[in-house]
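A short worksheet on the structure shown next.
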Amino acid sequence: MSSPTDALAVIGAGPAGLAAALTAADHGITVTLIDAAPQPGGQFSRQPAAALGASRPHALHHHRRTWTRLRTRLDAHREAHRIRYLPDRHIWSVEPGFTLHTLTADDEPETFAADALLLATGAYEKALPFPGWTLPGVVTAGGAQAMLKGGLVLPGRRAVVAGTGPLLLPVATGLAAAGARVAALVEAADPRAYGRHARIIAAHPGKLAEAAAYAARLVRHRVPVLTRHTVLAAHGTDRVEAVTVAALDADGRVRPGTERRIVCDTLAVGHGLLPHTDLAGALGCRTDPARIVVDAQQRTDVPGVWAAGEATGVGGAALALAEGEIAGRSVVAHLTGERPRTRSTAAKSRTALRQFAAALDAVHAPPAHWSERVTDDTLVCRCEEVTAGTVRAAVTELGAADLRTVKLFTQAGMGWCQGRVCGPGVTGVAGCPPDVVRRPFARPVPLSVLARTPRFPEGRQS
Ligand SMILES: Cc1cc2nc3c(=O)[nH]c(=O)nc-3n(C[C@H](O)[C@H](O)[C@H](O)COP(=O)(O)OP(=O)(O)OC[C@H]3O[C@@H](n4cnc5c(N)ncnc54)[C@H](O)[C@@H]3O)c2cc1C
C-alpha cells in the first residue's frame, strides 16, 4: 500500500488527468500518473512518436501554450518526485481498495496500489456503419488525426472528411495543411441549427474565433464544404476509390436526385465521441449509460473514486482541464482533511463549457434514419463478421428485443472490440434501446497474465 501522501493514482494523462495530477501535486500529494500512450497529452495534445525526431513537434497542435505550461509543470513535479509518470501501461482492471492491474507495451503485467483513484480515460470515436465502411482507406476522423499528429503520416493523398461534429474541422484542415487534397468536408448537421443556441454560443467568443479560424483555413485550402449532407457508401475493390454523398432533408432523409460521387483514396469519418466507462463500470460506479456519473466535486458514487474529462461526458479539452482541476482539489481535500472549495474559476467555466457542449451535441446528433441506409449485406460487427441483415433477422424473425439477446443470437459484439466499435451500429440497426455495458476488463488480456495475477478476478469471473 502507498503512503498517505503517495495515495492518488490518476489513469489517463490527457488534459483532464494532467490537470488533476498537477493540482494534487501542487498541494503536496504524491501522484502516480499512468497512461497507455507513450507520451502525455491524451488525444488533444497527442505528441509525435519520439523516434520520428520531429523538428517542430507542436506544428499540428492548437492551444500550444496551454500544453507547454502543462508539460513544464509536469516536468517540475517529476523532478521533485511528486508525480511518478508511467507511460506505455494500459490498465486492464482495477480492484476495489485500490489495486491497479496494468500491461506494459510488451504485455508484461504490473500491479500498483492507491488509496484514491481518478479516472481520466477520455473518449473514443462513435463509428456508424454504411455500405463500404470496412474498405481499406476508410478510417475514423480521429484515427486520421492520430496518424497525422502521432505518426506524421497522411492516411492518403485525396481525402473526404465526413460525419458530424467539431472534430471534422481540425481533421480536414490538418490533412489539408499537411499536403493532402481534401476533396470535401461532408457535415450532416445544418449550421442554421446553431441559431437555436445563439445565447450560449455568443457567451463563448473564444470558440467563435476558433470556428472562424477553421473556416478561413478551409477557404485557404479550397476545401468544398457540404453541410446537411451524408456519405451513403464508399466504393472500391482493394481499397476505397470513391464515395457517394447526398443531401439530407429536414427530417434527415436523403433528398432524391442529390447523390454524387467524389473520387478519393481516403475517407475519414466520425459521428462524435463516446466516453470510456469500462474501468468505472467494473468498479461499480454509476454510468448513465454513456458517461460516468459524478457530483459537483467530480466524485463518483464509489467512495475514493473520482472521474474527470470526457469519461464523464464529451465536451472538449478546456472542459476536461476544468474538471481535472476540480477533481484534483477534491482529492486533496479528501486526503488532507481540508474543506473542499465549492466555488472556483474552474467550477464557473465547467458550467459554461458544459452548456456549450450540450448545444454542440444537439446540433451534431447523428443524422436521423442513418440505420435505414445500412444495406443488409453491410458488416456491422467487423470482429465477428455479422451483417446488418443477420442483426435485423434476430429482431424480426427470432424476436430479440434487447441488445443482449441480439448479441447472443448473432455474436455481434463478442469479438476483440467487445462492442466498443460496433455497439452504436448494432444498436441502431437492431432498433433496440442502448444498453449499460459492463465489461470486466478494459482491454483484452492474455490468459497467461490472468493465470499469473493473484486474487483476480476474485468472485467476478464471467
Ligand atoms: C481519436 C480522438 C481524436 C481527437 N482529436 C481532437 C482534436 O484534434 N482536437 C480537439 O479539439 N479535440 C480532439 N478530440 C477530443 C479530445 O479528446 C478532448 O477534447 C480532450 O483530449 C479530452 O481530454 P481527456 O483528458 O478527457 O481525455 P483524452 O485526451 O482522451 O485522454 C485520455 C487518456 O487516457 C488514456 N487511457 C484511456 N484508458 C486507459 C487505460 N485503461 N489505461 C491507461 N490509460 C488509459 C489514454 O491513452 C489517453 O491518453 C479527440 C478525441 C478523440 C477520441
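Just so you know, all these numbers are worked out from the coordinates, no wet-lab data involved. Just so we're clear, the structure is a prediction, and the values are computed from it rather than from any experiment. A quick note on method: Cβ atoms are made from the backbone with ideal geometry, for glycine too, and the neighbour counts reach across all protein chains shown.
Nearest 20 debye, what's the magnitude of the dipole of the stretch 392-449 about its Cα centre given +1 on Lys and Arg Cβ and -1 on Asp and Glu Cβ? Provide the component values of the computation, followed by the final result.
Values: 7 positive and 3 negative charges, 50 e Å.
Charge dipole of the stretch 392-449: 240 debye, to the nearest 20.
Computed from Cα atoms, the angle from the helix 205-220 axis to the main principal axis of the chain rounds to 40 degrees. Does anyone have the angle between helix 168-177 and the longest principal axis of the chain? Alpha-carbon axes, 0 to 90°, nearest 10? With rounding to tens, the tilt is 80 degrees.
Which GluC sites (Glu not before Pro) does the stretch 170-272 hold that lie in a coil by DSSP with at most 13 other beta carbons within 10 Å?
Answer by residue number: 259.
Please work out the FRET efficiency for the pair residue 221 and residue 339, using the Cβ-Cβ distance as r and a Förster radius of 51 Å; give the result to the nearest 0.05. Efficiency for this residue pair is about 0.45. The relative contact order of the stretch 374-430 comes to 37 percent, based on Cα pairs under 8 Å that sit 6 or more residues apart.
For the stretch 316-379, applying the loop criterion from DSSP together with a ceiling of 14 other beta carbons within 10 Å to the trypsin sites (Lys or Arg not before Pro) yields 341, 343.
Rounded to the nearest 0.05, what FRET efficiency do residue 210 and residue 361 give with R0 = 22 Å and r taken as the Cβ-Cβ distance? Could you check? List each step's numbers first, then the result.
Details: r = 17 Å, r/R0 = 0.79.
E between residue 210 and residue 361, to the nearest 0.05, is 0.80.
So which cysteines in the chain don't have a second cysteine's C-beta under 4.7 Å from them? Cysteines of the chain left without a disulfide-compatible partner: 264, 285, 383, 417, 432.
Over the Cα atoms of the chain, the radius of gyration divided by the Kirkwood radius equals 0.96; this is the Rg/Rh ratio. Computed from Cα atoms, the angle from the helix 64-79 axis to the main principal axis of the chain rounds to 30 degrees. Counting only lysines at least 8 places from residue 348 when in the same chain, those with an alpha carbon closer than 25 Å to its own are 207.
A protection proxy built from the mean count of other Cβ atoms within 10 Å ranks the segments 245-258, 16-29, 417-430, most packed first, as 16-29, 417-430, 245-258.
Going by a ≥ b ≥ c, the root eigenvalues of the Cα gyration tensor, does the stretch 127-271 fall in the rounded group (a/c under 1.5), the prolate group (a/b larger than b/c) or the oblate group?
Since a/c reaches 1.5 but b/c is at least a/b, the shape of the stretch 127-271 is classed as oblate.
Inter-part distance, the stretch 263-331 to the stretch 84-157, computed on C-alpha centroids, equals 14 Å. The mean sequence separation of alpha-carbon pairs under 8 Å and at least six residues apart, normalised by the residue count of the chain, gives a relative contact order of 18 percent.
Stretching the chain fully between residue 397 and residue 235 yields a gain of 55.3 nm (0.36 nm per residue, less the alpha carbon separation). To make sure I understand the rule: partners must be lysines, Cα under 21 Å from the Cα of residue 407, and not fewer than 8 residues away in the same chain. Which ones qualify? Result set, ordered by chain and number: 126. Averaging Cα coordinates gives a centre for the stretch 376-418 and one for the stretch 168-191; these two points are 33 Å apart.
Taking GluC sites (Glu not before Pro) across the stretch 358-458, the ones in a DSSP loop with at most 13 further Cβ atoms lying within 10 angstrom of their Cβ are 385, 397, 458. In the chain, the DSSP-assigned H stretches of four residues or longer account for a calculated mean residue ellipticity at 222 nm of -9500 deg cm²/dmol, using -39500 (n - 2.57) per stretch and the full residue count as denominator.
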